[in-house]
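Written out below as structure tokens is the structure these notes cover.
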Amino acid sequence: IPLPPTTIHPTKILDIDANTPDSHVARDPRMIRFLTPPELFYVRNHGAVPEVLDSEIPDWSISIEGLVEKPFTITFREILEQYQQVTVPITLVCAGNRRKEQNTVRKSQGFSWGPGGVSTALFTGPMLCDVLQKAKPTKKAKFLCMEGADELPNGNYGTSIKLSWAMTRERGIMLAHKMNGLPLTPDHGRPIRVVIPCQIGGRSVKWLKRLVITDKPSGNWYHKYDNRVLPTTITPEMSKKDDQPWEDERYAIYDLNVNSAVAYPQNDEVVKKVEKGYTFRGYAYTGGMKKISRVEVSLDKGQTWKLAKIDYPEDRYRETERTMYGGKVDMMTRDASYCWCFWEQEITMEELVNAEDVVVRAMDDGLSLQQRDMYWSVLGMMHNAWFRVAIRKEG
Ligand code: MTE
């Protein structure tokens with residue numbers, strides 16, 4: 001896997017060694033499927049990427065304000081110098097992952113992702129709780145509002161999460177400035193972004209400029225009108241003013257839901273009849289720091305299921321990371337599940353020939369299970385019904 005061009009990285013100015021042990025991890029054959037190289041990592045930007053010159057990065061500032069005893073502003077350089085830097089593998093998922101399937105039933109709003117709105121990287125930076133603690137949130141503080149530098153038609157991109165989540169170390173919420181050992185690329189939030197494991201990507205604000213601690217959820221347009229699973233009463237024809245509960249915080253989405261998809265065979269892949277069979281392969285992930293406990297594959301539309309084999313490269317990474325790469329994993333985040341896993345299921349040619357389709361579903365250790373039917377909603381988010389691959393027979 002080639003590294004991205006180094007000229008766009010401010011390595012010299014910031015004295016970050018692009019050749020850190022972490023930067024080799026993404027190229028390690030054992031980690032290739034697990035970690036997504038930056039050039040393949042999915043990108044979701046609501047507008048133009050803010051232009052940040054290399055020379056501006058050391059003084060890039062983030063303000064921490066609102067319901068705190070000690071508001072302060074911190075620069076990029078200080079974030080690197082003053083806080084313990086940790087490296088954690090994290091899977092990011094766009095809430096619109098698999099939206100394309102919803103759109104085939106009825107057009108929703110938003111980008112028509114297939115099952116590719118998901119990627120994993122090693123993120124490096126300080127834990128957000130360490131930075132927030134310094135500001136001393138007051139007793140009234142309940143939410144953490146985050147704002148990026150991108151200027152969009154409805155203002156800067158911003159959203160919020162519960163402050164208690166940001167203050168809980170085990171949740172692994174961090175301010176990341178490196179991805180797979182290299183400085184963030186502009187598309188992914190250079191020079192610094194929030195990364196929230198196990199929650200929808202939309203909460204991980206890029207090009208971070210402000211952290212405001214409040215007693216109410218964010219009033220930002222993108223918080224109120226995006227990243228929601230709205231009731232089915234709201235249709236694409238309605239406007240946001242149509243007396244419909246768009247802004248009801250209960251419909252805002254945070255934790256990812258359990259999901260899985262088939263990666264192989266790919267669309268229109270041909271399997272020759274002379275083969276003995278075919279190994280179906282794919283990914284599964286879930287939210288809330290839970291772990292995928294099973295992936296099942298059905299050839300008879302869900303009447304019977306086969307139990308697929310699951311590989312958890314995140315566990316292998318954590319077991320070997322210290323000796324293999326010298327990277328640091330924060331002790332407190334060591335036991336949590338933040339990443340996708342991979343499953344595979346061998347199907348014989350006879351089974352394949354007799355089947356109309358192959359269906360997959362996953363369950364997590366909180367017993368959340370992918371449901372058979374689709375919950376269609378206007379923003380086309382969190383689609384996690386059974387993933388189905390149709391089989392077409394020729395000759
Ligand atoms: N942060 C800012 N400032 N602006 C954005 O448009 N998009 C969000 C989130 N953070 C966004 C943002 C969305 S919807 C997603 S899914 C993730 O960033 C995507 O992160 P990535 O492009 O690094 O994969």
(request) Mind jotting down the distance between the C-alpha centroids of region 161-231 and region 256-288, whole Å? (result) 30
(message) For a quick check: sort LEU175, LEU208, LEU367 by the number of other beta carbons within 10 angstrom, fewest at the front.
(response) LEU367, LEU208, LEU175
(message) What value in Å³ per residue do you get for the convex hull of the alpha-carbon atoms in the chain?
(response) 150
(request) Note down the net charge around HIS46, summing +1 for each Lys or Arg and -1 for each Asp or Glu among other residues with Cβ under 11 Å from its Cβ. (result) -1
(request) Find how much the distance from LYS107 to LEU369 grows on full extension, using 0.36 nm per residue of separation minus their present alpha carbon separation; answer in nm with one decimal. (result) 91.8 nm
(message) Taking the beta-carbon count within 10 Å as an exposure proxy, list VAL389, VAL271 from fewest neighbours to most.
(response) VAL271, VAL389
(request) Pop a pseudo-label 7 angstrom from the Cα along the beta-carbon direction at both LYS134 and ILE310 and give the gap in nm to one decimal. (result) 3.9
(message) Quick check for me: using +1 on Lys/Arg Cβ and -1 on Asp/Glu Cβ, what's the dipole size of region 65-172 about its Cα centre, in debye to the nearest 20?
(response) 560
(request) Only Cα pairs under 8 Å and at least 6 apart count here; give the relative contact order of the chain as a rounded whole percent. (result) 19
(message) If I fit a long axis through the Cα atoms of helix 313-325 and take the longest principal axis of the Cα atoms of the chain, what angle between them do I get, 0 to 90°, rounded to 10?
(response) 50
(request) Quick one: grab Rg to one decimal and Dmax as a whole number for region 26-157, Cα atoms only, in Å. (result) 18.5, 51
(message) Give me the dipole magnitude in Debye, nearest 20, for the chain about the Cα centre, with unit charges on the beta carbon: positive for Lys and Arg, negative for Asp and Glu.
(response) 560
(message) Report D for region 56-130 in µm² per second (integer): Stokes-Einstein, Kirkwood Rh on Cα pairs, 20 °C, 1.002 mPa s.
(response) 136
(request) Please name whichever of ALA176, GLY219, ASN267 sits farthest to the positive end of the charge dipole of the chain, dipole taken about the Cα centre and charges placed at Cβ: Lys and Arg +1, Asp and Glu -1. (result) GLY219
(request) Kindly write out, for region 41-55 in residue order, the coupling ³J(HN,Hα) from the Karplus curve 6.51 cos²θ - 1.76 cosθ + 1.60 (θ = phi - 60°), rounded to whole Hz, with x marking Gly and Pro. (result) 5, 4, 10, 9, 10, 7, x, 5, 6, x, 7, 10, 6, 3, 5
(request) Could you tell me which of rounded, prolate or oblate describes region 356-395, using a ≥ b ≥ c as the square roots of the eigenvalues of the alpha-carbon gyration tensor, with rounded for a/c under 1.5 and, failing that, prolate when a/b is larger than b/c and oblate otherwise? (result) oblate
(message) Set the bar at 18 Å for Cα to Cα. Now go through LYS142/LYS290; LYS70/LYS142; LYS140/LYS206; LYS140/LYS162; LYS276/LYS393; LYS142/LYS162 and name every pair that lies beyond it.
(response) LYS142/LYS290; LYS140/LYS206
(message) Could you tell me how far the Cα centroid of region 359-395 sits from the Cα centroid of region 112-152, in Å?
(response) 29
(request) Please identify every one of the trypsin sites (Lys or Arg not before Pro) in region 166-241 that sits in a loop by DSSP and has no more than 16 other beta carbons within 10 Å of its own beta carbon. (result) LYS240, LYS241
(message) Return the Rg/Rh ratio of region 259-390 with Cα-based radii and a Kirkwood Rh.
(response) 1.04
(request) Pull up the DSSP beta bridges for the chain and report the antiparallel fraction as a percent, rounded to 5. (result) 95
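Read the figures in this text as sums done on the coordinates, not as results from a lab. Only a predicted model underlies this, so the values are computations on that prediction, with no experimental measurement involved. Here the Cβ is made from the backbone with ideal geometry for all residues, glycine too, and neighbour counts use every protein chain on show.
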